Amino acid sequence: MENLHHIVVVGGGAGGLELVTRLGNKLGKKHKARISLVDAGLTHIWKPLLHEVAAGSLDASTNEINYRAHARKHHFEFQLGRLSDLDRRNKAIVIAPFLDEEGREVVPERRIQYDTLVIAIGSTANDFGTPGAQEHCLFLDSLKQARRFHNLMLNAFLRTNHESLQGHSHQLNISIIGAGATGVELAAELRLASRELPVYGMNHLQASDVSITVIEAAERILPALPERLSVAATRELERQNVVVLTGQPVSEIRKDSLLMKDGTELPSEMTIWAAGIKAPPFLAKLDGLEANRTNQLVVQQTLQTTLDANIFAFGDCAACPQPGSDHPVPPRAQAAHQQADALFKTLRNRLQGKAPVPFVYNDHGSLINFSRYTTVGNLMGNLSGRSMYIEGKVARLFYASLYRMHQVALHGFLRTGVIWLMDKISRAMHPRLKMH
Ligand SMILES: Cc1cc2nc3c(=O)[nH]c(=O)nc-3n(C[C@H](O)[C@H](O)[C@H](O)COP(=O)(O)OP(=O)(O)OC[C@H]3O[C@@H](n4cnc5c(N)ncnc54)[C@H](O)[C@@H]3O)c2cc1C
């Protein structure tokens, strides 16, 4: 074990867990390399599910993967801890002390030696320094935040139900800042929750008591996607009685309201920030590695960091160039999935002294899911490069397939089939909404 090449992957998210699973199965199992995963949490959940967890349409516990159990099955080691620093000269990473919920130290700061290091620690919301955002907004960057949101939402709905029962009409105002895919999908999930909860006992709550507003600074929602999708998504949101405000930058967030750039103030008891992302700030000072304005580590097309060929970065925390484009690879689960695949080949080649594989992003299109209502999207033709608009059940099938692909990468086809079947049974047996 001592002499084996040690590949350390930091971050077991959409990309990192796929990579380390494959490395473990192919290299760890045959003792061709020692494979380690370091993650700040004990369990993995696929991040694009977080808005469903927040709204209660998905029970996270049935979709969580325990890293230790997964590591044992797939021949890699797991270390719980948060990457805090890097010592490139001695090829070691520094893991911050691990504290329990009361702030007591469980494990002190430690160092882990590597031969090859892969950083895949994702991103967090970018509030662009907007006053009041950190104090008054809710974020959806982690399972903990999604669960907190869910509890606050249930309490807000319960309060509205109670006030209505007392004969006081009360309008619950929920605002979502940012109308990218996350903001738009969250709005639809919240609308579904406001319609479902009366069925489960909050019978004085009416969907019309819950006002949901999506606010976008750009002139149209889904600004990064084709205009046709924005038009279809706006139509769908308005059909769900979601207010869509575009061309309206928010300048300040207050306890129960939002101040818009034009001076108007909107009441908002729950405000969710879903506008833009940035990589964790400490990456910008990580032992001299090159980072961009949003703290992403700048990498070459091989996913190697520009200043250290033994350190790779991918997924949301990396800025990877795309040939023929001024924009780096977009921060999406689809990209992290493809990069994990390319990086697996590169790391396998590396052990055999062969050249790395350049990564080329293949955009398969974008799909926006409006909870159980509908799905809209565009699929890219691989050869023609032209996109095809789809909606309804077919679009929903493609949308669901992205998560199933992630599950196949982690569990293989057979187990994913069994999980799919269990999901179906579980959905039939449990309430449509998580209420605790
Ligand atoms: C609500 C929501 C909906 C989304 N929907 C879609 C969608 O429909 N389609 C799509 O393509 N993309 C979607 N995305 C974006 C997608 O989730 C990300 O692009 C993708 O998860 C990035 O993968 P990653 O592996 O880079 O990082 P993540 O999946 O974010 O994983 C990062 C991992 O690193 C760990 N970590 C963080 N910091 C440290 C540290 N210092 N030390 C150790 N470990 C650390 C975290 O615990 C986590 O396990 C959505 C995102 C959100 C928030």
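The values are calculated or read from the model by the stated rules, or taken from the named source; none is laboratory data. Because the structure is a prediction, the values reported are computed rather than measured. With ideal geometry, Cβ positions are generated from the backbone for all residues, glycine too; neighbour counts draw on all protein chains shown. Each accessible area value is taken on the protein alone, full model and side chains, heavy atoms only, with ligands, DNA and RNA left out. Shrake-Rupley method; radii C 1.70, N 1.55, O 1.52, S 1.80 Å.
Can you name the number of the only condition in (1) under 28 Å from the mean Cα position of the chain (by Cα); (2) surrounded by fewer than 17 Cβ atoms within 10 Å (Cβ to Cβ) that residue 197 fails?
(2)
Return the pairs, sorted by first residue and then second, in which the second residue is outside any helix (DSSP H, G or I) and near the ligand (Cβ under 9 Å from one of its atoms), the first residue lies in the range 176-198 and is within 14 Å of residue 53 (Cβ to Cβ) and acidic (Asp, Glu), the beta carbons are less than 8 Å apart, and the residues are 6+ apart or on different chains.
Listed by first residue and then by second, the contacts come to 185/368; 185/369.
Residue 343 - would you say it is within 13 Å of the ligand (Cβ to nearest atom) and assigned to a helix (DSSP H, G or I)?
Considered against the rule, which asks whether it is within 13 Å of the ligand (Cβ to nearest atom) and assigned to a helix (DSSP H, G or I), residue 343 comes out as yes.
Among all residue pairs at least 6 apart or on different chains, which show Cβ distances below 7 Å where the first residue, located in the range 84-98, is among the polar types (S, T, N, Q) and the second is within 15 Å of the ligand (Cβ to nearest atom) and open to solvent by 30 Å² or more (accessible area, probe 1.4 Å)?
84/282
Per-residue answers, yes or no, for (1) under 25 Å from residue 419 (Cβ atoms); (2) within 15 Å of the ligand (Cβ to nearest atom):
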| position | (1), (2) |
| --- | --- |
| 4 | no, no |
| 17 | yes, yes |
| 25 | yes, no |
| 33 | no, no |
| 42 | yes, yes |
| 46 | yes, yes |
| 56 | yes, yes |
| 79 | no, yes |
| 82 | no, yes |
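Select from the range 200-222 the residues that are surrounded by fewer than 18 Cβ atoms within 10 Å (Cβ to Cβ) and out of contact with any His (no Cβ under 8 Å at 6 or more places or on another chain) and list them in ascending order.
200, 201, 203, 206, 207, 208, 218, 219, 220
Residue by residue, here is whether (1) more than 8 Å from the ligand (Cβ to nearest atom); (2) more than 25 Å from residue 125 (Cβ to Cβ); (3) among the hydrophobic types (A, V, I, L, M, F, W, C) holds:
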{"site": "300", "(1), (2), (3)": "yes, yes, no"}
{"site": "308", "(1), (2), (3)": "yes, yes, no"}
{"site": "311", "(1), (2), (3)": "yes, yes, yes"}
{"site": "320", "(1), (2), (3)": "yes, no, yes"}
{"site": "334", "(1), (2), (3)": "no, no, no"}
{"site": "339", "(1), (2), (3)": "yes, no, no"}
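Filter the range 151-184 down to the residues that are of a type outside the set (A, V, I, L, M) and within 13 Å of the ligand (Cβ to nearest atom), then identify the one that is farthest from the chain's Cα centre (by Cα).
Top of the filtered list is 178.
State whether one or more residues within the range 371-378 are closer than 26 Å to residue 70 by Cβ, surrounded by fewer than 17 Cβ atoms within 10 Å (Cβ to Cβ) and aromatic (Phe, Trp, Tyr).
Checked against the condition, which is being closer than 26 Å to residue 70 by Cβ, surrounded by fewer than 17 Cβ atoms within 10 Å (Cβ to Cβ) and aromatic (Phe, Trp, Tyr), the range 371-378 yields no hits at all.
Taking the range 247-274 only, how many residues are under 24 Å from the mean Cα position of the chain (by Cα) and within 16 Å of residue 179 (Cβ to Cβ)?
6
Name the pairs: first residue in the range 40-61 and at positive phi, second residue more than 6 Å from the ligand (Cβ to nearest atom), Cβ to Cβ under 8 Å, at least 6 apart or on different chains?
Within 8 Å, the pairs are 56/150; 56/153; 56/154; 56/193; 56/433; 56/434; 56/435.
Need the failing condition index for residue 103 against (1) within 16 Å of the ligand (Cβ to nearest atom); (2) of a type in the set (Gly, Ala, Ser); (3) out of contact with any strand residue (DSSP E or B) (no Cβ under 7 Å at 6 or more places or on another chain); (4) without any contact (Cβ under 8 Å) to a residue 40 or more places away in the chain, just the number.
Status for residue 103: all satisfied but (1).
Would a scan of the range 363-372 turn up a residue that is closer than 30 Å to residue 304 by Cα and not in a strand (DSSP E or B)?
Yes.
Take the residues in the range 96-127 that are in a loop (DSSP other than H, G, I, E, B) and of a type in the set (S, T, N, Q), then tell me which one is farthest from residue 287 (Cα to Cα).
126
Inspect the range 248-267 for any residue being at pLDDT 95 or above, touching an Asp or Glu at 6+ places or on another chain (Cβ under 7 Å), open to solvent by less than 50 Å² (accessible area, probe 1.4 Å) and assigned to a loop (DSSP other than H, G, I, E, B) and give the result as yes or no.
no
I'd like the residue in the range 128-150 that is surrounded by 15 or more Cβ atoms within 10 Å (Cβ to Cβ) and outside any helix (DSSP H, G or I) and, out of all such residues, is nearest to the ligand (Cβ to nearest atom).
The residue in question is 140.
If you take the residues in the range 268-307 that are assigned to a loop (DSSP other than H, G, I, E, B) and aliphatic (A, V, I, L, M), which one is surrounded by the fewest Cβ atoms within 10 Å (Cβ to Cβ)?
307
Out of all the residues in the range 15-70, which are within 25 Å of residue 329 (Cβ to Cβ), part of a helix (DSSP H, G or I) and open to solvent by 30 Å² or more (accessible area, probe 1.4 Å)?
If the condition is that a residue be within 25 Å of residue 329 (Cβ to Cβ), part of a helix (DSSP H, G or I) and open to solvent by 30 Å² or more (accessible area, probe 1.4 Å), then 22, 26, 47, 48 are the ones that fit.
With the structure loaded, tell me whether residue 151 is without any contact (Cβ under 8 Å) to a residue 12 or more places away in the chain and not small (Gly, Ala, Ser) or whether it fails that test.
yes
Name the single residue, out of those in the range 71-115 being small (Gly, Ala, Ser) and at negative phi, that is most open to solvent (accessible area, probe 1.4 Å).
Checked the range 71-115; the qualifying residue most open to solvent (accessible area, probe 1.4 Å) is 84.
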